[in-house]
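Encoded as structure tokens, here's the structure I'll be asking about.
The values are calculated or read from the model by the stated rules, or taken from the named source; none is laboratory data. Since the structure is predicted, the reported quantities are computational estimates derived from the model, not experimental observations. Quick reminder, even Gly has a Cβ in these numbers, built from the backbone with ideal geometry, and neighbours come from all protein chains shown. Surface accessibility is based on the protein's heavy atoms, side chains included, excluding ligands, DNA and RNA. Shrake-Rupley method; radii C 1.70, N 1.55, O 1.52, S 1.80 Å.
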Amino acid sequence: MILSQLPNIPWEEKPKYSNDIVWRYSANPIIPRNLIPSSNSIFNSAVVPFRGEFAGVFRCDNKKRTMNLQRGFSKNGIDWQLENDPIDWLCDDPEIGQFQYRYDPRVVWIEDRFYVSWCNGYHGPTIGIGYTFDFEEFHFLENALLPFNRNGVLLPRKINGKYLMLSRPSDNGHTPFGDIYLSQSPDMIHWGQHRFVMGTKGGWERQILLPLWHSPKSKTC
């Protein structure tokens, strides 16, 4: 989606003193940590255009520091109203539908609906996948990958008829490593063909980009 298709997207020109490629909005933080009564802190806003306005899914830690996902709406992308209660996910499988924790959401429009990915608690961190058509009803599809994994990001369109996702395999603690892999799926349920994309240099925060499906250790099949 190009900028001209979003006439109401908030924008601030780069400050004259800045030499940065990406710069921070001068009125940050847009959403204060205690915008809703239940929250101790609010992180990782996943915002998309929605019906001429904006909608999003947010990580909200309550005052017990329990991590969960809440929806929010804004007319202008600046002034937000967040639901005080977490999203109630509709799930056909009670085993994966049980709540342990949810955080780091991402939202992307693919074909006919908004897909949500997040770090889901299931015997450790993994990638939960769900969808919504209207930000009113949310459907939990499946955990995409085995624990331990986090930070799943769906690409916004199919390639060669398959859904694609970037993720960061992890451990069950505060992961000191963080190579990134690309996975493919025919149906958003079954994921495989995992390929190395990006490696770390000095910690998971610092990445070295390599060509897709290439590793310096790989050999021709």
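What's the number of the condition D187 fails, among (1) modelled with pLDDT under 85; (2) surrounded by fewer than 11 Cβ atoms within 10 Å (Cβ to Cβ); (3) assigned to a loop (DSSP other than H, G, I, E, B)?
Evaluating D187 over (1) modelled with pLDDT under 85; (2) surrounded by fewer than 11 Cβ atoms within 10 Å (Cβ to Cβ); (3) assigned to a loop (DSSP other than H, G, I, E, B) leaves (1) as the failure.
What's the number of the condition P37 fails, among (1) surrounded by 11 or more Cβ atoms within 10 Å (Cβ to Cβ); (2) under 21 Å from P105 (Cβ atoms)?
(1) is the only condition that P37 fails.
Looking at P176, P156, which is the one that is outside any strand (DSSP E or B), over 30 Å from K64 (Cβ atoms) and in contact (Cβ under 8 Å) with a residue 24 or more places away in the chain?
P156
Hey, can you tell me all the residues within region 90-126 that are open to solvent by 70 Å² or more (accessible area, probe 1.4 Å) and out of contact with any strand residue (DSSP E or B) (no Cβ under 7 Å at 6 or more places or on another chain)?
Hits for region 90-126 are D92, P94, E95, Q98, F99, E111, D112, H123.
Mind telling me which of the residues D104, D85 ends up being touching a residue at least 60 places away in the same chain (Cβ under 8 Å) and among the acidic types (D, E)?
Just one listed residue meets the conditions, D104.
Report yes if some residue within region 146-153 is at pLDDT 95 or above, under 19 Å from F58 (Cα atoms) and either open to solvent by 30 Å² or more (accessible area, probe 1.4 Å) or not small (G, A, S) (or both); otherwise report no.
yes
Quick one: is G130 in contact with a His (Cβ under 7 Å, 6 or more places away or on another chain) and either open to solvent by less than 20 Å² (accessible area, probe 1.4 Å) or in a loop (DSSP other than H, G, I, E, B) (or both)?
The answer is yes for G130.
Is it true that F138 is at pLDDT 95 or above and open to solvent by 70 Å² or more (accessible area, probe 1.4 Å)?
no
While we're looking at this one, here's another question. Please specify each residue of region 159-180 satisfying the condition of being surrounded by fewer than 22 Cβ atoms within 10 Å (Cβ to Cβ), in contact with a Leu (Cβ under 8 Å, 6 or more places away or on another chain) and within 29 Å of D88 (Cβ to Cβ).
Those that are surrounded by fewer than 22 Cβ atoms within 10 Å (Cβ to Cβ), in contact with a Leu (Cβ under 8 Å, 6 or more places away or on another chain) and within 29 Å of D88 (Cβ to Cβ): L164, L166.
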